[in-house]
Amino acid sequence: MKTAVYLHIPFCAAKCSYCDFLSFPEEDPARHRSYLQALAREMGLWGCKLRAAGIEVSTLYLGGGTPTVLSAADLEDLLAACRRLLPLTRGVEWTVEANPCTLTREKISVLAAGGVNRISLGIQDLNEERLALLGRRHTAAQAKQALLACKDYFPSVSADIMAALPGQTTEALLATLAAVCELGPDHLSLYGLQLEEGTALHAMVDAGKVSLPDEDMALDMFCAAREYLQRQGFVHYEIANYARPGHYCRHNLTYWRNLPYLGLGLGAHSFWEGKRLANTRQLERYQRELAAGKLPVTETIPVSRRQEMEDTMMLGLRLREGVSLQDFRQRFGLDLTAVFAPQLARLQNMGLLVCDEEKVRLTAEGLPVANTVIAEFISF
């Protein structure tokens, strides 16, 4: 049996204006090292459980925050701890998130030598004014240089791009995508800006200092981007993700197929043995409990069979391949089309969903209103 593991590194160089993730600016190496010691203890506790159960880690993802805010020496120690404490498969997909302003040649070399074979690079935009508005600390030139450097070291390189930003037009988005595609990434994640309460950008919008594109313009951006990326040879395999053949993110496919995974680190979440688990979000408590040899889980929510079926639909419909009828039957012993008959009939009549002998998936018309379609499968 195989599973996926996520490691959370909550530190970053600066808090972006749109970010509401569990992260905080912290560049003190001593604070980094004390956190990494606690994280290693957590890896050790879970690693023992995995080995005892005969489970291997087939995908490992280091996210944040910004993992590459760590020093080269700390990154080297962290990667060594991963190899030592977790039962990694021979062909493990090992991803690290990186920001251009924190990624040096030395760190790139350490990551590649340590076993990392996939980089997810947070570019977001190539317009200097919008980068500054977002609170990004890199320039367009640094983003391009970082992507090219990563291409020299890693078999797969992904770039994150944001759409529906203040002052952004469809033409501007396409210009950014063209410039990024010219550099040869293997994977692209295209995210719409989510305006979250409590963030600096939310306050700016509330105060009328900046405005966002309206829904029609945002939809036009995504449709134009999709057409452009497909012409460039990218497969639109998930609502917000595009990849060249052979470069789908296997780690994220675990989430979208609603399969078990472990989240380690401050505030990390897991889906394990039929339960949703959440680690403490308090740094001191996280370190204290692990120092005492205890897992820092503060929330455990059992997932009912019905909830698991709904989650499988909610997540699986994000994939362009949809949800397999055969996989659903093997997993739950039930016919998907019988379990969700009313929803399927209604959505098919609206032209938003198609159900054939093999899969249930969104239509081209359903894609722009995916959230509305997916909500039909959730019990309230």
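At-a-glance table
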quantity	calculated
Selection from the range 73-96 of residues that are touching a residue at least 60 places away in the same chain (Cβ under 8 Å) and assigned to a strand (DSSP E or B)	89, 93, 95
Residues that are within 20 Å of residue 2 (Cα to Cα) and crowded, with 16+ Cβ neighbours inside 10 Å, drawn from the range 277-311	277
Residue check, residue 33 within 19 Å of residue 22 (Cα to Cα) and assigned to a helix (DSSP H, G or I)	yes
Residues (exposed (fewer than 13 other Cβ atoms within 10 Å of the Cβ) and of a type in the set (Phe, Trp, Tyr)) located in the range 350-380	380
Matching option when the condition is of a type outside the set (A, V, I, L, M) and in contact with a Phe, Trp or Tyr (Cβ under 6 Å, 6 or more places away or on another chain), among 199, 176, 170, 139	199
Neighbours by Cβ (under 6 Å, 6+ apart or cross-chain): first from the range 331-353, assigned by TED's automatic domain parsing to the domain that holds residue 366 and more than 24 Å from residue 260 (Cα to Cα); second among the aromatic types (Phe, Trp, Tyr) and crowded, with 17+ Cβ neighbours inside 10 Å	343/377
Unique match (being polar (S, T, N, Q), over 13 Å from the mean Cα position of the chain (by Cα) and buried (at least 20 other Cβ atoms within 10 Å of the Cβ)) among 258, 241	258
The one condition in (1) farther than 23 Å from residue 30 by Cα; (2) in contact with a helix residue (DSSP H, G or I) (Cβ under 7 Å, 6 or more places away or on another chain) that residue 308 fails to fulfil	(2)
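Residue-wise test of (1) in the same structural domain as residue 12 (by TED's automatic domain parsing); (2) modelled with pLDDT of 95 or more; (3) farther than 23 Å from residue 16 by Cα; (4) part of a loop (DSSP other than H, G, I, E, B).
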site	(1), (2), (3), (4)
120	yes, yes, no, no
126	yes, yes, no, yes
133	yes, no, no, no
147	yes, yes, no, no
159	yes, yes, no, no
162	yes, yes, no, no
166	yes, no, no, yes
180	yes, yes, no, no
190	yes, yes, no, no
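The values are calculated or read from the model by the stated rules, or taken from the named source; none is laboratory data. It should be emphasised that the depicted structure is a prediction, and the values quoted were computed from it without experimental measurement. Cβ atoms come from the backbone with ideal geometry, glycine included; neighbour counts cover every protein chain shown.
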